[in-house]
Amino acid sequence: MAFKDWYRGLLRFLPKSMTGKFNLIDHKKHFPRLGFFDSDAKKQLEKLIGTRITDISYYEQAFTHSSYLSILKTEKKVVGYSNERLEFLGDAVLGLIIADHLFNFFPNTKEGELTKIRSRLVNKHTLAYVANKIGLQQFLRISFGTQKNFDKAGESLIANTFEALIAAIYFDAGIEKAVSFLYKTLIPLTELDDFMFDNNYKGKLSEITQAKSKCLPTYKVISAEGPDHNITYNVGVYFNDILLGTGLGKTKKDAEQEASKNALNNFF
């Protein structure tokens, strides 16, 4: 039974006065046809997702960033919606499918470790990696200004688009096709040893230093170079005022992880 069928089945237990609040059928008005997918682009997308597209309007919205709405207004085209709401739904569908897979694929793994694996699968770095690998960016609709800053914000943007695409597949083709898409693109990462290795270096370093002296390492930005839209941070990690390692990154968080990795390699 498809998820939507199961969900509708629950509605029969609700009072008639409430069922209108949970209508899953009358949502077409929220997906106007925008017209930027021609037949060739549609065929390319069908090949990418592995299923026939029935209603392209779901996918048009999935690839419409909020910054592109102003362009639609300027061009006097139908103004639709950005992919933010689809991203919200796609995140939930993704979480359900991944949790189901991990529960069955790792029958002897405890809840805590399953949570860590799930986190590594659904974080923005992994989703962006998969999205770029399969070529989602070619379908994305963003403003010129957003494109200029893509190096800085692109990872989150393309990861969100991946989630929105999952929701579009779910709406258009059903939960089974969304499952098939993820088994073809994202879930195979669980078979890679490098991916399954816990790369939370900052967390590992904290555990080690706490065990030794019940103190946590501290992080300081040594330098920040480059223009505002493309800054590279150099961060140092210190323990008892001793520099253990440094790391570079486009965000402070990434630089801290790199510094922690170097500290672990150098001292522990």
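Summary of values
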{"read-out": "Helices (runs of 4 or more DSSP H) fully within segment 77-189 counting 2 or more residues that are within 20 Å of Leu48 (Cβ to Cβ) and over 18 Å from the mean Cα position of the chain (by Cα)", "value": "150-173, 175-185"}
{"read-out": "Test for Glu163: is it crowded, with 20+ Cβ neighbours inside 10 Å and charged (D, E, K, R)", "value": "yes"}
{"read-out": "Hits in segment 229-251 (condition: touching a residue at least 24 places away in the same chain (Cβ under 8 Å) and surrounded by 14 or more Cβ atoms within 10 Å (Cβ to Cβ))", "value": "Ile231, Val235, Val237, Phe239, Leu244, Thr246, Lys250"}
{"read-out": "Residue in segment 146-157 that is crowded, with 20+ Cβ neighbours inside 10 Å, farther than 21 Å from Asp38 by Cα, touching a residue at least 40 places away in the same chain (Cβ under 8 Å) and of a type outside the set (Gly, Ala, Ser) present", "value": "yes"}
{"read-out": "Qualifying residue in segment 7-19 (condition: open to solvent by 90 Å² or more (accessible area, probe 1.4 Å), in a helix (DSSP H, G or I) and at pLDDT 50 or above)", "value": "no"}
{"read-out": "Residues being more than 14 Å from Ile175 (Cα to Cα) and either of a type in the set (D, E, K, R) or surrounded by fewer than 16 Cβ atoms within 10 Å (Cβ to Cβ) (or both) - total across segment 82-91", "value": "4"}
{"read-out": "Close pairs from segment 199-219: first more than 25 Å from Thr126 (Cβ to Cβ) and part of a helix (DSSP H, G or I), partner modelled with pLDDT of 85 or more and among the aromatic types (Phe, Trp, Tyr), Cβ under 6 Å, at least 6 apart", "value": "Thr209/Phe239"}
{"read-out": "Residues satisfying the stated conditions in segment 92-113, i.e. open to solvent by 30 Å² or more (accessible area, probe 1.4 Å), touching a residue at least 12 places away in the same chain (Cβ under 8 Å) and either in contact with a Lys or Arg (Cβ under 8 Å, 6 or more places away or on another chain) or of a type in the set (Lys, Arg) (or both)", "value": "Ala99"}
{"read-out": "Every residue from segment 114-129 that is open to solvent by less than 10 Å² (accessible area, probe 1.4 Å) and modelled with pLDDT under 90", "value": "Ile117"}
{"read-out": "Residues of segment 62-76 that turn out to be modelled with pLDDT of 95 or more and in a loop (DSSP other than H, G, I, E, B), as a count", "value": "1"}
{"read-out": "Of all residues in segment 25-61 being outside any helix (DSSP H, G or I) and of a type in the set (A, V, I, L, M), the one that is nearest to Val130 (Cα to Cα)", "value": "Ile53"}
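The values are calculated or read from the model by the stated rules, or taken from the named source; none is laboratory data. Everything quoted here is computed from the prediction, not taken from an experiment. Note: ideal-geometry Cβ built from the backbone for every residue, glycine included; neighbour counts use all protein chains shown. The area values use the complete protein model at the heavy-atom level, side chains included, leaving out ligands, DNA and RNA. Shrake-Rupley method; radii C 1.70, N 1.55, O 1.52, S 1.80 Å.
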